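Input: a single structure, listed below in structure tokens.
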Amino acid sequence: MPLLELTDVRTGYGSLPVLHGISFAVEQGELAVMLGLNGAGKSTTMMAIAGLLKTWSGSISFEDASVGRLDTAKRVQRGIVLVPEGRRVFPALSVTVNLRLGAWVRRRDRKALKERMEKVFEYFPRLAERRNQLAGTMSGGEQQMLAVGRGLMADPKLLLIDEASLGLAPKTAQELFQTVKQISKTGVTVIMVEQNAGALDVADRAFIMEKGTLIFQGAGDEELKATDLRAAYLG
Amino acid sequence: MKQFLVLGVINGAVYGLLATGLVLVYKGARVFNFAQAEFGTVAAFFAYWLIEKQHLPYWAGDLLAILGIAIVGFLVERLIVRPLFTAPRVTLLVATAGVALVLIQLQFIIVGANAVQIGPALRGIGVNILDVVVSPQRLLIFGVLVILGLGMGYFFSRTDLGLAVLATSQEPVATELAGIGTRRMSSFIWTFAAVLGGIAGVLLAPTGALFPGFMTITDLLPAFTAAVVGGITSLPGAFLGGLLIGITQGLGEFYFGSSTIVRGAANLLVFAVLVLVLLVRPKGLIGREA
Ligand SMILES: Nc1ncnc2c1ncn2[C@@H]1O[C@H](COP(=O)(O)OP(=O)(O)OP(=O)(O)O)[C@@H](O)[C@H]1O
Ligand SMILES: [Mg+2]
């Protein structure tokens, strides 16, 4: 039974259709990578899963329950957490407060919250060094780490990360992918939207989107190696 | 002159309270709330009716009046702000002015054009501060405001709810994604702003005559100036801005003389401070979101 399953999802903005029937599934514990050119509809897919965008038709099921009609807050409660495109940290609040707010839906359990924050600081030592700095004054890469860390604070079962590597130096991007791999090894299922095909190195499953449809999906080392994904992705 | 200074500080604290409400709504909805001072006037009339007409004890009258205005604030958000959630901010701006006008008209219809008065919460002879006799009511105002100021400082820097309010104003999308419902936050912000206005109203009520729209006429402009001087998005800035404006007004009254209803010359000085701050520090005295 997959953790997340989309079936023929259609949606768009206003009356403009963007997703023309997307179907895919992700298994519990997998790290999936979604590639696609600009405007392919990757972010739109992520927003539909997170509930920022209503679906027009089709279904989204998570842990065997339909979540397509729930609002964002309820989905976060269930464990679906999106780290949005463009970082979107709270600029005038400190690193610690940004993280604390990420744990909003789990704020009652102070002890678990503290432990998760320590965990985030382990993944991203840079954040620990800067815990009292205002998020808006951090470098782009640091803000990206913070955005991922804030997502982790909600204790997600499914973490959606939209273009975390945007604007990162190639080496930093690789480090980030490795950290995400580590996170997924703790049992968190991850979907990473990427422009950087280097993310495929850590992927268990891959998707390629084009013009609002899924043109490729495959899983397992064998299949991902056998298909020349980079070529497919680059067209 | 000392007298004007001491009174200026106390008036300033009231402006600070209103300004804090203005900043809160501005942070939450990116709009200047023309109805902020009317939250105070309406609460003052609630208190008048409860205390003078229903003969409730003072504290009960004030508490119920504040509760009443909280409900008004909540309804304003539900009925007017929320339907305009995605509308251009100018539309919402005009809508808040509409709320103020409606509230003032209702006061004319219900209470009429005559001024009424509430006795002070605390009687007795005043206390001597810097050789100025300050009435117990004014001391009470000041005390409440200091406590509120500290309380809000704590609320907005330490509590989850307070921090979530700040987050909503900085990054609505990320706030939504953290599972903090931005619509519920909007309810909270408007209710809280109404309560701040209401507290200013019931504290101010016994110090002068109550007539429809009195706080909009005498306090909205100074409060707005205080908010801008403080940096429009800074809560502590608004509070400090309020004190600064109050003191400026006090000095203005000292040098130019005062009239109770229209503080013409003194307000000119307030305006001068506003222009000066905008010229020298356009981001306001505090100048950062907090
Ligand atoms: N708010 C919006 N209103 C109207 N159209 C939009 C909106 N957001 C996205 N679109 C359109 O939807 C399509 C898909 O956009 P989307 O952001 O999902 O692409 P993407 O695959 O994430 O691209 P990128 O790699 O550049 O982030 C694009 O054609 C875009 O112009
Ligand atoms: Mg995108």
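Filtering region B:135-182 to residues that are more than 14 Å from chain A (Cβ to nearest Cβ) and not in a helix (DSSP H, G or I) leaves only B:135. Residues that are among the small types (Gly, Ala, Ser), within 16 Å of the chain's Cα centre (by Cα) and surrounded by fewer than 21 Cβ atoms within 10 Å (Cβ to Cβ) are absent from region B:16-28.
Only a single criterion out of (1) surrounded by fewer than 17 Cβ atoms within 10 Å (Cβ to Cβ); (2) within 12 Å of another protein chain (Cβ to nearest Cβ); (3) out of contact with any strand residue (DSSP E or B) (no Cβ under 9 Å at 6 or more places or on another chain) is not satisfied by residue A:88, namely (1). When region B:42-81 is filtered for residues that are charged (D, E, K, R) and at pLDDT below 90, the ones remaining, listed by number, are B:52, B:53. Can we say residue B:203 is over 26 Å from residue B:29 (Cβ atoms), at pLDDT below 90, out of contact with any Asp or Glu (no Cβ under 7 Å at 6 or more places or on another chain) and assigned to a helix (DSSP H, G or I)? Taking the combined requirement at face value, the residue does not satisfy it.
Right, residue A:45: under 20 Å from residue A:77 (Cα atoms), out of contact with any Pro (no Cβ under 8 Å at 6 or more places or on another chain) and in a loop (DSSP other than H, G, I, E, B) or not? In short, no.
Scanning region A:27-79 for residues that are basic (Lys, Arg), without any contact (Cβ under 8 Å) to a residue 24 or more places away in the chain and closer than 18 Å to residue A:190 by Cα yields nothing.
Taking region A:34-61, which residues are in contact with an Asp or Glu (Cβ under 8 Å, 6 or more places away or on another chain), more than 14 Å from chain B (Cβ to nearest Cβ) and either more than 16 Å from ligand 2 (Cβ to nearest atom) or under 12 Å from residue A:159 (Cα atoms) (or both)?
First pass over region A:34-61, keeping only residues in contact with an Asp or Glu (Cβ under 8 Å, 6 or more places away or on another chain): A:34-37, A:40, A:42-43, A:46, A:51-52, A:57-61.
From what is left, the residues that are more than 14 Å from chain B (Cβ to nearest Cβ) are A:34-37, A:40, A:42, A:57-61.
Within region A:34-61, A:57, A:58, A:59, A:60, A:61 meet the criteria.
Among the residues examined, residue A:150 does not qualify as surrounded by 18 or more Cβ atoms within 10 Å (Cβ to Cβ) and in contact with an Asp or Glu (Cβ under 8 Å, 6 or more places away or on another chain).
Can you find, within region A:186-217, the residue that is farthest from ligand 1 (Cβ to nearest atom) among those that are of a type in the set (D, E, K, R) and closer than 19 Å to residue A:174 by Cβ?
So in region A:186-217, the residues of a type in the set (D, E, K, R) come out as A:194, A:201, A:204-205, A:210-211.
Retained after the next criterion (residues that are closer than 19 Å to residue A:174 by Cβ): A:194, A:201, A:204.
Values: A:194: 9, A:201: 20, A:204: 21 Å.
Going through the qualifying residues, I end up with A:204.
The values are calculated or read from the model by the stated rules, or taken from the named source; none is laboratory data. As the structure is a computational prediction, the values presented were derived from the model and not from experiment. Note that we place each Cβ from the backbone using ideal geometry, even for glycine, and neighbour counts take in every protein chain shown.
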